[in-house]
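Read-outs throughout are calculated quantities, based only on the coordinates presented, and are distinct from any laboratory measurement. Here the structure is a predicted model, which means the values were calculated and not measured. Neighbour counts run over all protein chains shown; Cβ positions are idealised from the backbone, glycine included.
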Amino acid sequence: MIVEEIMKTEIVTVMPTVSIAETMKLMEMKKIRHIPVIDAEYQLIGIVTLSDIRDAAPSIFRANVHVEDMQNPVETIMKKDVITGHPLDFVEEIAALFYEHKIGCLPITNGRKLVGIVTETDLLRTLVELTGAHQPGSQIEIRVPNLAGKLSDITSLIKKRKANILSVLVYPDKKNDQYKILVIRVQTMNPTVLIQDLKQSGYDVLWPNLPGVSL
């Protein structure tokens, strides 16, 4: 999946000359935590977060002190070195950027022009959709040798039971790098027969560990 499939294209933005106070009101009204700063040609020049606004605002204990600071242009507090993505980037790649740089949003640009934005919420929603967790079903975790063809063999067993696969995830076994864990979500509320088939074929089913289902 690429970024342009999940990014928001209706973006709330401000110009660099807009005051900090106006920016704060806009963020409160739109209920957002990040706002890109653009120039007249819609090119990205910075970004402001809710924490930037709070740092600039007077303390609640001294609400009437230095209130004029809130009339300064937003460009005085915006971050200029902005990490960005491209519409054709893979979602997994931008997820890595969120994790590595501990950011809450990622402006998406094409030739410096702002064309979209992705937030943590967008990524979480996409993860839920990719894993099929929002659909009724059952999750089966299987420990298999890290050899070619194992996933194909397992999906063949599932196909024989006419069960629909919602998603497949693969991650390494932390205890032994010669193995990997397959997490398969199937569209059935009773995976007992599938688990029995898998165990009878010699597979190590980690979850669910159903009583009475064994070799």
**Request:** May I ask which of Lys150/Lys199; Lys31/Lys80; Lys102/Lys150; Lys8/Lys159; Lys8/Lys174 have a Cα-Cα span longer than 25 Å here?
**Result:** Lys102/Lys150; Lys8/Lys159; Lys8/Lys174
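Compute the semi-axes of the equivalent ellipsoid of the chain, taking the square root of 5 times each eigenvalue of the Cα gyration tensor, and list them largest first in whole Å.
In descending order, the three semi-axes are 49, 18, 15 Å.
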**Asked** Using the scaling law 2.2 N^0.38 Å as the reference, what is the normalised Cα Rg of region 10-50?
**Response** 1.05
**Fill in**
Expected vector for region 172-186, Karplus 3J(HN,Hα) from phi with 6.51, -1.76, 1.60 and θ = phi - 60°, integer Hz, x for Gly and Pro, equals x, 6, 5, 7, 7, 6, 7, 10, 9, 10, 9, 10, 10, 9, 10
**Message:** Rounding to the nearest 10 and keeping the result within 0 to 90°, find how far the Cα-based axis of helix 120-131 lies from the longest principal axis of the chain.
**Reply:** 20 degrees
**Complete:** Using eta = 1.306 mPa s and T = 10 °C, Stokes-Einstein with Kirkwood Rh from Cα pairs puts D for region 3-127, in µm² s⁻¹, at 105 µm²/s
**Asked** Expressed as an acute angle from 0 to 90° and rounded to the nearest 10, what is the orientation of the C-alpha long axis of helix 91-101 relative to the principal long axis of the chain?
**Response** 60 degrees
**Item:** Packing-based ranking, highest mean first, of 144-154, 70-80, 17-27 given that Cβ atoms within 10 Å are counted
**Value:** 17-27, 70-80, 144-154
**Complete:** Exposure-ranked with fewest Cβ neighbours within 10 Å first, Val115, Val193 stand as Val193, Val115
**Prompt:** In square nanometres, what is one fourth of the surface area of the convex hull spanned by the alpha carbons of region 161-201?
**Reply:** 3.6 nm²
**Message:** Over all directions, how big on average is the projection of the convex hull of the alpha-carbon atoms in region 134-207, in square nanometres?
**Reply:** 4.7 nm²
**Residue-averaged [θ]222 nm for the chain, counting only DSSP H segments that reach four residues, each worth -39500 (n - 2.57)** = -8500 deg cm²/dmol
